[in-house]
Amino acid sequence: MKNQYKAICQIREMLQRVISESDNEKITEHLHEIDRELQHFSDNGIDFKNIVDALDDSIFITDNTGTVLYINPAYSKNTGVAPEQVLNHNISDLIGEDKVYTGGAIPDVLKTQKSVFRLSTTYAGGVPLKGYVIGTPVFNDNGELYQVVACSRPIMSLKLLQNDFETFLKELHEMNPKSINTNSGENLSTEMIGKNTSLANIWTLISHIADSDATVLITGESGVGKEVIADEIFKNSGRQDKPFIKVNCAAIPAHLLESELFGYEKGAFSGANAKGKPGLFELANHGTLMLDEIGDMPMDLQVKLLRAIQQQEITRIGGTRTIRLDIRFLALTNSNLKEKIEEGTFRQDLYYRLNVIPIYVPPLRERQGDIRPLCDHFIKKFSSKYNRPFELTERQYNYMCQYEWPGNIREMENIIEYLVLYSSGVGTVDDSVLTGLLHISWQNDPIPATENMDFNSAVAQFEKQLLESTLKQSDNLRDAGEKLNINASTISRKIKQYHIDYPNKKT
């Protein structure tokens, strides 16, 4: 491709020759106008292709049908994608399992004709490379979509902002408190499935306490949706337009957790930021602070947390000035805090301070009525995300209802995402794919429901017959549990529930 700047200069030279030879006044006037437009670029020495080729940002351009027209050198450098892999290919042919991309911004821009912001993943060389991308539509003079430009960077480039990140959050909040956390579904967790059925009592409690400042302790197994409950409390509170800061106490190293929570003054310790740093308590001031995995907080920090909650004030590390707070606290844990108190790893006074409003979220195995709605929710979510229609068969819904879900809703979400991707746009998967994921070996088809049997009764009938069949082929409860991938204690409970005649109770 010719250098655009040189090309413009050459065109101007030709125009000058034509103008000098022309005796048509009207044509000469138009040619002078064109020359003046070109002069604007040549006088300033602007060569847009050279500029774009020199950028560190990755540039990716398609036409209005999605055919790839251009990628700059930085794109290949940042993603590992060579020009010959994508140029003159349609973007729809580059997206999918075992292809270059899992998704991206350009298909959405082509569809909506609006700018979009997305996280992206490329698989050049088989290694997933994460990035973030902004897709922008370009329109012609008639207002028709002409081209799409995607500008992206590797996500690791954000590491350069690490030293300024806390300042960025604080200044962003001062400009617009809603920009840190909003009450939109895009920025908070999954919607609360089951609030009209299995979680109706919890939903009623939320409606009563959300608008108060009372501290809430949310407990339950890992993956049951504790954060969803916290989000619902926040969205229905009077602080919904204030900061909502979430901290995972188990994810931050113990020696860093104190400075992250309380902040520090300049020179407080070796390696500290020369300007000092506000902590997450300060960023959450006037809003809500969610402390996830509170049971893993070190004992020495529990004392400071107790004081912060009781006194509504903190002092930065290395500081003497007391900082007043106005924070609503939400604490989450999958630990048994009473057992931790007995073990001496959790303070009893902190437990009682947190346990003002206790909310227990039951595991998914005790929420049979929510399994199908949750499946449908995640199918809709990932079908939209990957632009792949998908559905489960009635038989596969039955399989999902039979499974014990040790990983709860988080495990279901991961399985549905896998199924949507595995389907490769076909829309369905074989039963063997699902049963393989659930580690279940089905020797017989699920028992069909009779004409007057509802769904839950049919599920219970099949579960009983499956247990009876498996127990006959097993030496003991532990053996049966291994075959069904559930605990022997669960099988023992089911034997009592369904009044199964099983004399050998050895585990």
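Read-outs: derived from the displayed coordinates by stated rules, not from any lab. Keep in mind that this is a model prediction, so the values were computed, not measured. We place every Cβ from the backbone using ideal geometry, glycine too, and count neighbours over all the protein chains shown.
Less than 14 Å Cβ to Cβ from residue 68, Lys/Arg counted +1 and Asp/Glu -1: what total charge do the surrounding residues give? Write out the running numbers ahead of the final one.
Details: positive: 99; negative: 63, 84, 93.
Result for the neighbourhood of residue 68: -2.
Alpha carbon centre of the range 64-99 versus the range 316-338: separation in Å?
The range 64-99 and the range 316-338 have Cα centres separated by 48 Å.
Could you order peptides 286-292, 250-256, 410-416 by the average number of other Cβ atoms within 10 Å of their residues, highest first? Don't skip to the answer; put the middle values down first.
Values: 286-292: 21.4, 250-256: 11.6, 410-416: 18.3.
Peptide ranking by packing, descending: 286-292, 410-416, 250-256.
Given the pairs 340/381; 246/380; 226/385; 195/242; 49/381, which span a C-alpha to C-alpha distance of over 31 angstrom in this model? List each step's numbers first, then the result.
Working: 340/381 38 Å; 246/380 26 Å; 226/385 24 Å; 195/242 25 Å; 49/381 39 Å.
From the list (340/381; 246/380; 226/385; 195/242; 49/381), the Cα-Cα distance tops 31 Å for 340/381; 49/381.
Under the rule of at least 5 residues apart or a separate chain, name every residue whose amide H is placed under 5 Å from the amide H of residue 276.
Result for residue 276 returns 266, 267.
Which shape class applies to the range 295-452: rounded if a/c is under 1.5, otherwise prolate when a/b exceeds b/c and oblate if not, where a ≥ b ≥ c are the square roots of the Cα gyration tensor eigenvalues? Walk me through the numbers on the way to the answer.
Numbers: a/c = 3.34, a/b = 2.33, b/c = 1.43.
Verdict is prolate for the range 295-452.
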